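Take a look at the structure set out below.
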Amino acid sequence: MNILLLGAGGREHALAWKISGSPLCRKLFVAPGNAGTAMHGENTGLDIRDAEAIAGFALDNDVDMVVAGPEEPLVKGLGDHFATREELKHILFVGPGADGARLEGSKAFAKAFMQRHHIPTAAYRAFTCDTVQEGLDFINTMTPPYVLKADGLAAGKGVVICSHRDEAERTLKEMLCDGLFGEASSTVVIEAFLKGREISAFILTDGNTYKILPSAKDYKRVGEKDTGANTGGMGAVSPVPFADNQLMEKIEQRIIIPTINGLKKEKISYCGFLYFGLMVVDTDPYVIEYNIRMGDPEAEVMIPRMDSDLVELMEAACRGNLQEYEIRISPQYALTVMLTSGGYPGEYDKGFEISGIGQVSGARLFYAGVKQDNDRLLTNGGRVIAVTSLAGNLDDARASAYNNARVIDFKGKYYRRDIGKDLLKRT
Ligand code: AMP
Ligand code: GLY
């Protein structure tokens, strides 16, 4: 198959590495890709928001399968473009249509969906500028902290957690009526704060059956001990040691199965990855968010643990016969440390030379914001390189990832030193 992968981050480097290793992959194109994906396929300068250009490229290059890395083109309906246009229908498309993509593209839709299908999630209400007073009254009925979520896509920044009521009231008004997150916050979901442990579960589904992918935990805050601003993710661990069989069984029975059944009941066809961001309160899982894609940097810890051929599984998902396949997962632990540009997730400089790659040993590197400049590698984004190590136990995976994180260098390099520390066995 000729495969076109969309995206340009560490997740796409991990996907490109895995896809290009499949005997089913003849040629891999990546749009737009980065210096990492260029090692496994051919980068193209396509704009992934331009459905016509992607379709044209796919036809010109005999592409058999399109894999969407990020959510944005899916929310904008790229999947429907491929599903409904006669000349594109033969191309397999991994990712939901715009209706399924609302699980991530609209928090209000996702919450109402969960309510309709009795999927455990925090109690909530949704408001617009017209109902801002009701929103303020609702805040008054709640206890802090207050969780305010922009309905639409806001580049991972749309969730605001306020400790004080006046801050929550001010933020609500700014989100709804002053366009704090633009159009994305014209509707805001206010929900109860859940206190517990976060974990992410992932499936690949054909809309009917599903395969559970490795669980992962990511570290979203920029600072150690989960302090400071939210980021795209500073590191990740897979599997999650506290995700024992009992918890995974609850996640499957209470969340995964009702979600698949809900999609079927609402006649939403869904082929692709589905990511469940969960909070485990005591021993019970609740959905914090759905994402319609793999996580980043979760993909960088999960994909190296997948022994199965991912292309074969994605093809089966698109063809609707996923139940005929088994998924094989390595029992090893994987840990990823994200090296970032100083200042991220705020302002940062780029274009700094990256050194030390040649000294890396026992780790796999997935490039995020990395650009090739003749024979040099330069930083080109906030998240720069994901350093992933695998080992028989978490301690060894952690030690190896950190040993390698230390030898790579660039001006302003910053990384959290406590990824996975909370999950180590205390003896
Ligand atoms: P999101 O942007 O949806 O991934 O949310 C960012 C982070 O906010 C999550 O990873 C959680 O740590 C936190 N969060 C979101 N919703 C809640 C909630 N209802 N209770 C507690 N924390 C939450
Ligand atoms: N790491 C969080 C995400 O991919 O949404």
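The values are calculated or read from the model by the stated rules, or taken from the named source; none is laboratory data. Computed from a predicted model, the values in this text were never measured in an experiment. We place every Cβ from the backbone using ideal geometry, glycine too, and count neighbours over all the protein chains shown. The protein model used for the area step is the full one, side chains on, heavy atoms only, and it has no ligands, DNA or RNA in it. Shrake-Rupley method; radii C 1.70, N 1.55, O 1.52, S 1.80 Å.
I'd like to check something: does segment 257-272 contain any residue that is open to solvent by 40 Å² or more (accessible area, probe 1.4 Å) and closer than 13 Å to residue 212 by Cα? Taking every residue of segment 257-272 in turn, at least one turns out to be open to solvent by 40 Å² or more (accessible area, probe 1.4 Å) and closer than 13 Å to residue 212 by Cα. Yes or no: segment 289-299 includes at least one residue that is in a helix (DSSP H, G or I), at pLDDT 95 or above, within 16 Å of ligand 2 (Cβ to nearest atom) and among the hydrophobic types (A, V, I, L, M, F, W, C). Among the residues of segment 289-299, at least one is in a helix (DSSP H, G or I), at pLDDT 95 or above, within 16 Å of ligand 2 (Cβ to nearest atom) and among the hydrophobic types (A, V, I, L, M, F, W, C), which makes the answer yes. Can you name every residue in segment 198-227 that is open to solvent by 30 Å² or more (accessible area, probe 1.4 Å) and within 16 Å of ligand 2 (Cβ to nearest atom)? 198, 220, 221, 226 - these are the residues of segment 198-227 that are open to solvent by 30 Å² or more (accessible area, probe 1.4 Å) and within 16 Å of ligand 2 (Cβ to nearest atom). Filter segment 400-427 down to the residues that are over 25 Å from the mean Cα position of the chain (by Cα), not acidic (Asp, Glu) and not in a loop (DSSP other than H, G, I, E, B) and list them by number. Matches in segment 400-427: 403, 406, 407.
Condition check for residue 143 on (1) crowded, with 20+ Cβ neighbours inside 10 Å; (2) assigned to a loop (DSSP other than H, G, I, E, B): one failure, at (1). Filtering segment 5-50 to residues that are among the aliphatic types (A, V, I, L, M) and in contact with a Lys or Arg (Cβ under 8 Å, 6 or more places away or on another chain) leaves only 35. In the condition set (1) within 11 Å of ligand 1 (Cβ to nearest atom); (2) more than 27 Å from residue 75 (Cβ to Cβ); (3) of a type in the set (A, V, I, L, M, F, W, C), residue 159 is compliant with all but (2).
The single residue among 11, 49 that is among the basic types (Lys, Arg) and surrounded by fewer than 24 Cβ atoms within 10 Å (Cβ to Cβ) turns out to be 49.
Within segment 250-262, residues that are more than 13 Å from residue 286 (Cβ to Cβ) sit with their Cβ atoms under 7 Å from residues that are basic (Lys, Arg) and open to solvent by 40 Å² or more (accessible area, probe 1.4 Å), at 6+ positions apart or across chains, in these pairs: 262/116.
The residues in segment 228-251 that are buried (at least 20 other Cβ atoms within 10 Å of the Cβ), assigned to a helix (DSSP H, G or I) and not β-branched (Val, Ile, Thr) can be counted, and the count is 1.
Just one residue in the set 149, 107, 111 is open to solvent by 30 Å² or more (accessible area, probe 1.4 Å) and of a type outside the set (Asp, Glu); that residue is 107.
Quick one: in segment 260-317, of everything that is touching a helix residue (DSSP H, G or I) at 6+ places or on another chain (Cβ under 8 Å) and aromatic (Phe, Trp, Tyr), which residue is farthest from residue 200 (Cα to Cα)? In this case the residue turns out to be 270. The strands (runs of 3 or more DSSP E) found entirely in segment 321-382 that carry 3 or more residues being in contact with a strand residue (DSSP E or B) (Cβ under 8 Å, 6 or more places away or on another chain) and of a type in the set (Ser, Thr, Tyr) are 333-341.
Would you point out which residue out of 423, 394, 390 is surrounded by 16 or more Cβ atoms within 10 Å (Cβ to Cβ), touching a Gly at 6+ places or on another chain (Cβ under 7 Å) and more than 22 Å from residue 344 (Cβ to Cβ)?
394
Within segment 77-94, the set of residues being buried (at least 18 other Cβ atoms within 10 Å of the Cβ) and outside any helix (DSSP H, G or I) comprises 91, 92, 93, 94. Within segment 206-216, does at least one residue satisfy the condition of being part of a loop (DSSP other than H, G, I, E, B), modelled with pLDDT under 95 and touching a strand residue (DSSP E or B) at 6+ places or on another chain (Cβ under 6 Å)? No, every residue in segment 206-216 fails to be part of a loop (DSSP other than H, G, I, E, B), modelled with pLDDT under 95 and touching a strand residue (DSSP E or B) at 6+ places or on another chain (Cβ under 6 Å).
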